[in-house]
2 protein chains.
Amino acid sequence: MVELKNDRFLRALMRQPVDMTPVWMMRQAGRYLPEYRESRGKAGDFMALCTNPELACEVTLQPLERYPLDAAILFSDILTIPDAMGLGLYFETGEGPRFRKPVRTEADINCLSVIDPEQDLPYVINAVSTIRRELNGRVPLIGFSGSPWTLATYMVEGGSSRDFARCKTMAYNQPELMHQLLDTLAKSVIVYLNAQIKAGAQAVQIFDTWGGALSHSAYREFSLQYMNQIVDGLIRENEGRQVPVILFTKGGGQWLDDIANSGCHALGIDWTTHIGNARQQVGDRVALQGNMDPAILRASPQRIRQEVATILEQFGSGEGHIFNLGHGITPDINPDHAGAFIDAVHELSVKYHQKSN
Amino acid sequence: MVELKNDRFLRALMRQPVDMTPVWMMRQAGRYLPEYRESRGKAGDFMALCTNPELACEVTLQPLERYPLDAAILFSDILTIPDAMGLGLYFETGEGPRFRKPVRTEADINCLSVIDPEQDLPYVINAVSTIRRELNGRVPLIGFSGSPWTLATYMVEGGSSRDFARCKTMAYNQPELMHQLLDTLAKSVIVYLNAQIKAGAQAVQIFDTWGGALSHSAYREFSLQYMNQIVDGLIRENEGRQVPVILFTKGGGQWLDDIANSGCHALGIDWTTHIGNARQQVGDRVALQGNMDPAILRASPQRIRQEVATILEQFGSGEGHIFNLGHGITPDINPDHAGAFIDAVHELSVKYHQKSN
């Protein structure tokens with residue numbers, strides 16, 4: 001294995017000293033980049049891009065060519081696991097992801113079994129090893145998965161949802177059935193992320209996009225419990241280094257104390273949380289990743305810089321911050337604004353990492 | 001004026017002793033009720049129902065005929081103010097509210113002026129006095145308005161939005177312009193709610209449906225500041241009784257401390273907030289209204305009762321709780337389940353209001 005040239009991201013996740021705050025962007029390989037749109041055009045569609053390891057590698061590296069990012073993230077979709085379970089993932093223009101065979105009944109759920117990533121999702125594992133090789137030690141590679149609850153919402157609803165009517169009805173009326181589904185998903189996420197780690201992922205993130213739609217007690221029961229189970233089941237160390245785990249529950253700002261007790265290394269937080277308050281709450285248990293509103297990237301570079309300065313000041317001096325957006329970058333963003341954001345993080349954060357003498 | 005026979009709701013808002021926890025439901029006059037659907041059919045469409053004071057009164061009273069609710073709420077829409085400003089409100093099936101003339105430019109915003117409710121929205125004021133007369137003292141009547149920020153999102157976006165791209169861009173790039181819009185809206189909400197109070201509304205609620213889409217600092221600057229301005233401008237007392245003000249920022253659970261300092265009497269909270277934690281945070285500054293996930297109404301009456309018991313226990317003994325859902329009841333709910341919810345609140349809450357000897 002080649003030596004890692006920039007380990008700022010991994011060090012910050014372990015709350016170790018860094019020279020400046022590391023930064024990456026959720027969905028950094030995405031439609032706001034013309035080169036991404038070109039690769040996607042070559043592939044045909046989004047899933048063709050995900051399932052082709054060479055093209056997935058190509059788009060993963062594109063934002064690193066443009067910007068001094070401190071991490072790469074596997075280009076893939078959060079719904080690969082249910083797709084591998086046979087639900088038939090497809091994308092409807094303007095409608096987001098859909099499943100041809102949603103799971104609605106006990107019989108549907110009884111048919112599901114824990115995936116075998118090497119067998120069922122070889123294209124993801126190949127993409128991880130291809131990207132890792134091509135990165136050649138520039139920055140660490142992040143692997144990821146959807147959380148069991150988030151996967152379950154898409155599987156039961158059959159796609160995106162506003163109010164999660166079917167999924168919540170199952171959770172409240174047939175909790176054993178929902179737990180059976182979530183347990184199968186948690187076990188699948190464990191083997192899936194471990195396969196990504198073995199193939200070269202140096203940190204992993206669990207995207208709990210819809211945990212924030214639940215009440216506090218339902219969140220603990222249906223989402224956090226299974227993320228805890230995953231954290232417990234993951235490979236802790238690889239290539240002589242810790243493999244940090246980041247849990248990101250969008251809309252989970254009221255439950256940071258619970259999430260920080262999961263055994264994960266870092267919490268992703270969205271922009272509704274004041275990162276200074278979050279730091280006070282979690283103390284030295286975990287690092288924090290976030291949390292600029294991606295909508296700020298529509299503002300002027302000057303305004304973007306001002307927002308970065310505010311967030312850095314709210315976090316304050318010391319270690320344990322990975323700068324990111326509070327959610328994925330959107331297709332309408334000017335790539336120069338993304339660049340202004342990343343540069344601002346590096347430039348303005350240096351002073352917060354200087355040792356006082 | 002006839003005497004109020006049931007003042008449990010008003011007493012709880014002032015944190016005064018009650019025999020049981022009062023309850024009402026956001027959107028209690030709504031499509032889940034067959035009698036509502038019939039009235040709406042008679043009217044033709046939703047706006048025809050809103051603009052006809054007799055029909056608006058009819059649907060306002062319908063849920064009170066079915067259930068022992070402790071308050072009635074004016075049947076109207078949150079977007080009456082922008083409609084009165086000339087934006088041309090209409091409803092597209094499945095798309096929600098839309099404006100024919102959104103406001104996007106400085107010129108658009110310069111054209112707007114503070115509304116005169118008696119002149120511009122006589123149908124709302126007439127509906128309030130009609131409902132108040134027909135209620136005949138059964139329960140108090142709640143008036144309401146959208147918050148300035150929430151109104152602004154619809155006015156700038158032209159309708160509902162997922163990410164508030166246009167509105168946030170204006171807030172971040174042209175803050176003075178956004179403040180001009182919000183100031184005009186805040187002044188309009190003050191005269192609008194005061195007109196409702198003079199016509200008979202005994203409490204008012206401000207619906208800040210989209211404040212939760214902002215960061216903490218943007219929330220304070222663009223939403224809370226204007227709700228504070230409104231609270232300061234409202235009639236405090238009418239008919240010899242305080243007129244309590246309820247602020248409800250959906251998704252505002254991380255900012256309760258700020259909102260509690262606004263001078264309002266109660267905070268609405270959604271189901272993502274643990275009501276026991278909320279009570280600890282706000283102390284004796286304000287009452288709390290909420291906060292069952294409306295999705296629970298899809299579960300069995302037994303499960304609904306269990307959830308009500310949990311929330312009552314989280315709040316604990318003592319005064320200052322108005323039970324409600326964390327958001328509006330949805331059209332798919334079985335009316336018997338709504339009844340089970342309301343009965344459960346009354347029955348299970350008695351013990352929390354008994355004085356210990």
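Please treat every number below as a calculation from the coordinates, not as lab data. The structure presented is a predicted model; accordingly, all values stated were derived computationally and were not measured. Using ideal geometry, Cβ is built from the backbone for each residue, glycine included, and neighbour counts are taken over all protein chains shown.
Provide, for chain B, the number of lysine pairs with alpha carbons under 28 Å apart, each pair being eight or more places apart or on different chains. So the count works out to 11. Residues of the range B:39-69 with an amide N closer than 20 Å to a point placed 7 Å from the Cα of B:ASP336 along the Cα-to-Cβ direction: B:63-69. Sorted from shortest to longest, the distances between the A:GLU319 label points of this copy and the other copies are 5.4 nm, with each point 7 Å from Cα along the line through the beta carbon. Other protein chain C-beta atoms within 10 Å of residue C-beta, averaged over A:270-282: 3. Label-point spacing at A:GLY240 relative to the other copies reads 8.5 nm, in ascending order, each point sitting 7 Å out from Cα along Cα→Cβ.
Close amide-amide hydrogen proximity is noted between B:GLY159 and B:PHE99, each under 5 Å apart and 5 or more residues distant or on a separate chain (H modeled in the peptide plane; Pro and chain starts excluded). Short-range pairs are left out: with C-alpha atoms under 8 Å and at least six residues apart, the relative contact order of chain B is 22 percent. Net charge in the neighbourhood of A:ASP19 (other residues with Cβ under 14 Å of its Cβ; Lys, Arg +1, Asp, Glu -1) is +1. In plain terms, the chain from B:GLU38 to B:GLN16 could stretch by 4.0 nm, reckoned as 0.36 nm per residue minus the Cα-Cα distance. Radius of gyration (Cα atoms) of the protein assembly as shown, expressed as a multiple of 2.2 N^0.38 Å: 0.98. Averaging the Cα positions of each part gives two centres, and for the range B:1-77 and the range A:236-251 these lie 51 Å apart.
Compute the Kirkwood hydrodynamic radius of the range B:200-288, taking the inverse of the mean of 1/r over all pairs of distinct Cα atoms, and give it in Å to one decimal. With all distinct Cα pairs of the range B:200-288 included, I get 13.3 Å. Close amide H contacts of A:GLY146 (hydrogens built in the peptide plane, cut-off under 5 Å, sequence separation of 5 or more or a different chain): A:PHE207.
Considering only beta bridges that DSSP places wholly inside the protein assembly as shown, some 25 percent are antiparallel.
For the peptides B:3-9, B:47-53, the ranking by packing is B:47-53, B:3-9, with the highest mean count of neighbouring Cβ atoms within 10 Å listed first. Using DSSP, restrict attention to beta bridges with both residues in chain A and report what percent are antiparallel, rounded to the nearest 5. Antiparallel bridges: around 25 percent, rounded to the nearest 5.
Across chain B, counting alpha-carbon atoms alone, Rg and Dmax equal 19.3, 66 Å.
For the range A:319-353, the residues whose backbone nitrogen is under 13 Å from a point 7 Å from the Cα of A:ALA309, taken along Cα to Cβ, are A:344-345, A:347-349.
Across the range B:9-21, coupling constants 3J(HN,Hα) worked out from phi with the 6.51/-1.76/1.60 Karplus curve, θ = phi - 60°, read 5, 5, 5, 4, 4, 8, 6, 9, x, 9, 7, 8, 6 Hz, and Gly and Pro carry x. Only helices enter the 222 nm calculation for the protein assembly as shown: every DSSP H run of n ≥ 4 contributes -39,500 (n - 2.57), and dividing by all residues gives -13000 deg cm²/dmol, rounded to 500. Less than 5 angstrom separates the built amide H of B:ASN291 from those of B:ASN324, all sequence-distant by 5 or more or on a different chain. Remark: spin-label model distance A:VAL2-A:GLU118 equals 2.7 nm, labels positioned 7 Å along the Cα→Cβ axis. Phi-derived couplings, Karplus 6.51 cos²θ - 1.76 cosθ + 1.60 at θ = phi - 60°, listed residue by residue for the range B:96-103: x, x, 9, 10, 5, 10, x, 9 Hz, with x used for Gly and Pro.
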